1. Would you be able to tell me the number of residues in region 92-120 that are assigned to a helix (DSSP H, G or I), farther than 17 Å from residue 138 by Cβ and either without any contact (Cβ under 8 Å) to a residue 12 or more places away in the chain or outside the structural domain of residue 133 (by TED's automatic domain parsing) (or both)?
2. Just to be sure before I move on: is residue 15 in the same structural domain as residue 63 (by TED's automatic domain parsing), closer than 16 Å to residue 52 by Cα and in a helix (DSSP H, G or I) in the structure I sent?
3. Restricting the search to region 41-60, which residues are loosely packed, with under 15 Cβ neighbours inside 10 Å and either at pLDDT below 50 or over 28 Å from the mean Cα position of the chain (by Cα) (or both)?
4. If I filter region 143-150 for residues that are assigned to a helix (DSSP H, G or I), at pLDDT below 90, more than 30 Å from residue 4 (Cα to Cα) and touching a strand residue (DSSP E or B) at 6+ places or on another chain (Cβ under 9 Å), do I get at least one hit?
5. Could you tell me how many of the residues in region 128-147 are within 21 Å of residue 98 (Cα to Cα) and surrounded by fewer than 15 Cβ atoms within 10 Å (Cβ to Cβ)?
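The values are calculated or read from the model by the stated rules, or taken from the named source; none is laboratory data. In this text the structure is predicted, and so the values were computed from the model without any measurement. Here the Cβ positions follow ideal geometry from the backbone for every residue, glycine too, while neighbour counts run over all protein chains shown.
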């Protein structure tokens, strides 16, 4: 029955009767009447409910229930997930950083250097570059730090990132 499906889906979304009424822009008494089976919503509200619950209007209005799962009645069209421009820039930065690190490591392999410390310890390749060129070591450290930061930003959901990096306004 409609009223059972309405209540079931409202509870599934953790909405109170008042919250559902606010979303539909109707009074809580009207929603309460729908849930008790006293009355039925008009077509416009049935459509709003189907969109809110992500189910078909057939599912809401027909008396039968699926024996196995409600997914049979779920609206086929899924929400399209868009990647924010900020996240795209971070993916591009990640790729460029990885390419930079690979380039630096390839240079140490193609043009190997040897470095002998005062104690007689010998270093070659990557470590020799770090000893001979301190800026090489600094660039590697900065690239690794940027790589870690870009990975965190890419993996962090947009909502959390906005909350974490939101500027706090100072009240006057």
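1. 7
2. No; evaluated as a whole, the condition is false for this residue.
3. The answer is 42, 43, 44, 58.
4. No, every residue in region 143-150 fails to be assigned to a helix (DSSP H, G or I), at pLDDT below 90, more than 30 Å from residue 4 (Cα to Cα) and touching a strand residue (DSSP E or B) at 6+ places or on another chain (Cβ under 9 Å).
5. So the count comes out to 9.
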